[in-house]
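Beneath this line is the structure, given in C-alpha cells, with notes to follow.
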Amino acid sequence: MMRRLLPTLLLPLAASVSAATNERFFDDFSYADRAAFEAAGWQVRAAAGHPGVPGATWRPEAVRFKADGEASGNQLLELTAQTDGSAAGTVQAQVCQARKFLEGTYAARLRFVDVPVSGPSGDAVIQAFYAVAPLRFAFDPEFSELDWEYLPNGGWGSPQTRLYSITWQTVRIDPWLAYNQPTETAGKLAGWHVLVMQVAEGRTRWYLDGRQVATHGGRNYPVVPMSINFSLWFSEGQLLPETAGLRRYAQQIDWVFHARNSVLSPEAVLDEVSRYRQTGAARVDTVPGPTPPLPAACDI
C-alpha cells in the first residue's frame, strides 16, 4: 500500500514452495454486521498514520456490508472514503486479516470505480488489494508486501489511469526511498475483476481476469508472514481544492481466497470458489498461523 515506486534489479533470493496442501482461506463477506466481521479475525483500521493524507482519519464506520444489486442473495464488503480537500475532512478505509499468509496463491474479486458516488471526480484515490508485513524500521530486510493498486485519476507523478502490480523488497518512508518491482497496466478498469497472485520459488506472478500481466523476482519477494488487506485512500498533495465540495467514493469486494503453499491457476481458483458457494461455505479457514500469533498490519 506504499505510495511511490523505485524499481531495482538485484540477485535472486532463493525460496521454494512445499508440496501442495489443502490449507485454504476463503471469505465471501456474508456477515450480519461489523462485530461479526471482526469476530472472524478481520481488523478494521482506526489508527492514524501512513499512507494517505497526513491528518486524515481511518474510520471503522467507513466499512460496511451491502446487498449485491447484480446477484440476488449475495452480499458485498464495501469500503467507503470521502474528502473535501482538507485533511480534517478526509476519511479513508482499511481492513486486514491475521498475519499468517506467505507462499501460495492469493485472489480476490473486487469492483474498481473510476468516479465518486457523489461530488466531482479528479482526486488521486487508490483502491488496493494487498498482503503486507509491518515495516519495523527504515530498510527493514524482513519487510514484505505484494500490492494491487488502481489509480483511476492518476497520482504519484503521473495523470495516467493505471493498475499497479508491485512486489516489494524494502523501503524507507521519510525521506522516501523504495526498492521494489512494479508493473503498470494502463487504461480504465471500472467494473468487476478477479485479481490473482502466485507466490512460489522466488517469483510472484500476477493475473488480471485470467491474463498474466507481470512476473517479479530476485530480492523482491516476501520473506515473512503477511496479512491480507483491502484499502481505499487518497494520495497526499493530490486532492481537488476544498472549493470543489465533498467527494465520496465506494469500492466493493465480493470474495477473497488464499491457497497456502499451492500454486493454482486463475481457472482453478474460480473452480474452488464456485464449489464453496455451491455448498454454502461462506467462510473457510484451515490456514495455520504462527505460534505465537503475529500482530496484523492494519497500520504500518
Point to revise | Only listed residue being of a type outside the set (Ser, Thr, Tyr), under 30 Å from residue 152 (Cβ atoms) and without any contact (Cβ under 8 Å) to a residue 60 or more places away in the chain, chosen from 280, 237, 245 | key: 237
Practice item. Answer yes if at least one residue in segment 254-264 is within 19 Å of the chain's Cα centre (by Cα) and modelled with pLDDT under 95, and no otherwise. Key: no
Exercise for review: Within segment 106-130, track down each residue that is within 14 Å of the chain's Cα centre (by Cα) and open to solvent by less than 40 Å² (accessible area, probe 1.4 Å).
Suggested key: 106, 107, 108, 110, 112, 125, 126, 127, 128, 129, 130
Check your understanding: Of everything in segment 153-182 that's open to solvent by 30 Å² or more (accessible area, probe 1.4 Å) and polar (S, T, N, Q), which residue is farthest from residue 255 (Cα to Cα)?
Key -> 158
Revision key, fill the gap. Expected single match for in contact (Cβ under 8 Å) with a residue 40 or more places away in the chain, surrounded by fewer than 24 Cβ atoms within 10 Å (Cβ to Cβ) and of a type in the set (S, T, N, Q) among 252, 212 is 252
Review point. Which residues, counting only those in segment 215-227, are of a type outside the set (Gly, Ala, Ser) and surrounded by 15 or more Cβ atoms within 10 Å (Cβ to Cβ)?
Key: 216, 219, 220, 221, 222, 223, 224, 225, 226
Point to revise | Residues (under 16 Å from the mean Cα position of the chain (by Cα), more than 20 Å from residue 219 (Cβ to Cβ) and among the hydroxyl-bearing types (Ser, Thr, Tyr)) located in segment 131-160 | key: 150
Practice item. Of all residues in segment 46-70, count the ones that are assigned to a strand (DSSP E or B) and either open to solvent by 20 Å² or more (accessible area, probe 1.4 Å) or in contact with a Pro (Cβ under 7 Å, 6 or more places away or on another chain) (or both). Key: 5
Review point. If you take the residues of segment 71-93 that are part of a loop (DSSP other than H, G, I, E, B) and among the polar types (S, T, N, Q), which of them is surrounded by the fewest Cβ atoms within 10 Å (Cβ to Cβ)?
Key: 72
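The values are calculated or read from the model by the stated rules, or taken from the named source; none is laboratory data. Given the structure is predicted, the values throughout are model-derived calculations rather than measurements. Please note: Cβ atoms are built from the backbone with ideal geometry, for glycine as well, and neighbour counts cover all protein chains shown. We work out accessible area using only protein heavy atoms, side chains counted, and drop any ligands, DNA or RNA first. Shrake-Rupley method; radii C 1.70, N 1.55, O 1.52, S 1.80 Å.
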